[in-house]
1. May I ask you to give the average projected area over all directions of the convex hull of the Cα atoms of the chain, in nm² rounded to one decimal?
2. Residue 56: net charge of surrounding residues, Cβ under 12 Å, Lys/Arg +1, Asp/Glu -1, itself excluded?
3. Using 16 Å as the cut-off for backbone N distance, which residues of the range 164-186 belong to the label zone defined by a point 7 Å from the Cα of residue 1 along Cα→Cβ?
4. In whole Hz, with x marking every Gly and Pro, tabulate ³J(HN,Hα) for the range 206-211 from phi via Karplus 6.51 cos²θ - 1.76 cosθ + 1.60, θ = phi - 60°.
5. By how many nm would the segment from residue 37 to residue 141 grow when fully extended, if each residue of separation counts as 0.36 nm and the alpha-carbon distance is taken off?
6. Expressed in nm to one decimal, what extension gain is obtained for the pair residue 51 and residue 155 from 0.36 nm per residue of sequence separation less their Cα-Cα distance?
7. Counting only other residues whose beta carbon sits under 13 Å from that of residue 153, what net charge do I get with K and R as +1, D and E as -1?
8. For the chain, what is the mean residue ellipticity at 222 nm derived from helices alone (per DSSP H run of n ≥ 4: -39500 (n - 2.57); sum divided by total residues; nearest 500 deg cm²/dmol)?
Amino acid sequence: MMVREAEFGGAAPLICVPLVAGDTAHLLQQAAFAHSVSPDVVEWRADSYDRLSSDSVAGIASAVRGVLPREALIFTLRAEGEGGARALAQPLRGEIIRAAIESGQVDIVDLELANGPGFVLPMIRLAHGQGVRVILSFHDFQSTPDSGALLATISEMVRQGADIAKIACMPRHPGDVLRLLDLTLTARRMFPAVPLCTMAIGGLGVLTRVAGFLFGSDMSFAVGQTASAPGQIPIAELRAAIDLLDRYA
């Protein structure tokens with residue numbers, strides 16, 4: 001699946017850099033730095049932006065796109081319960097996400113599966129009608145659910161129409177990390193046509209960010225100027241580690 005110059009599900013893993021800023025000046029500064037280090041994908045974590053509205057989001061997204069002319073751009077307004085920076089009423093979240101999709105400036109929108117079909121399915125229809133791809137995501141910052149539950153979650157993402165399925169969980173011991181990698185391999189075989197993005201959060205999970213592609217994860221997140229989740233490492237170091245593994249694996 002091609003999104004601008006990024007091939008999701010291709011032979012090479014993609015690297016995504018998040019933008020985490022509270023105002024336009026800092027957002028564009030981070031975007032310019034991201035552009036300078038040449039990631040495949042950039043994610044605007046709009047939940048970090050102060051006083052974002054459905055009226056302002058299109059103009060801000062347009063300014064970001066002006067700095068990132070070639071990178072695939074993800075719009076994420078993360079729910080607080082899954083790691084978002086602030087609480088937003090669901091109707092307001094929906095209005096802002098719809099406005100971002102309709103802006104013509106973003107390539108991918110990230111929606112949490114936990115929003116429920118009543119929220120997710122109309123958003124997917126809107127996004128696909130606008131030519132925007134959809135990540136359906138699941139985050140657990142407390143633990144790593146059992147493999148059966150995670151596989152069922154990915155299956156539900158695929159059933160609801162995800163273009164990309166994303167899982168991020170907190171490991172409590174090394175076995176959780178190994179189990180997540182094994183789950184990724186299983187899901188990759190079950191759903192070969194749907195790109196996956198899986199990761200274990202925090203220091204214990206760094207292995208999944210570096211080596212996840214060997215098990216079927218198509219994208220990893222790296223630090224540009226600011227991290228958006230525990231365990232992200234600087235893009236130059238992540239790229240070097242992936243290149244080393246790719247050369248000898």
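What follows draws every value from the coordinates through simple rules; no lab data is involved. In this text, all values refer to a predicted model and were calculated from it rather than measured experimentally. Don't worry about glycine lacking a Cβ; one is built from the backbone with ideal geometry, like all the others, and counts go over all protein chains shown.
1. If I average the Cα hull's projected area over directions, I get 11.8 nm².
2. Summing Lys and Arg as +1 and Asp and Glu as -1 gives -3.
3. From the range 164-186, the list is 164-168.
4. 4, 3, 5, 6, 8, 10
5. Once the chain is fully extended between residue 37 and residue 141, it gains 34.6 nm.
6. 33.9 nm
7. Overall, the nearby charge balance is -3.
8. -13000 deg cm²/dmol
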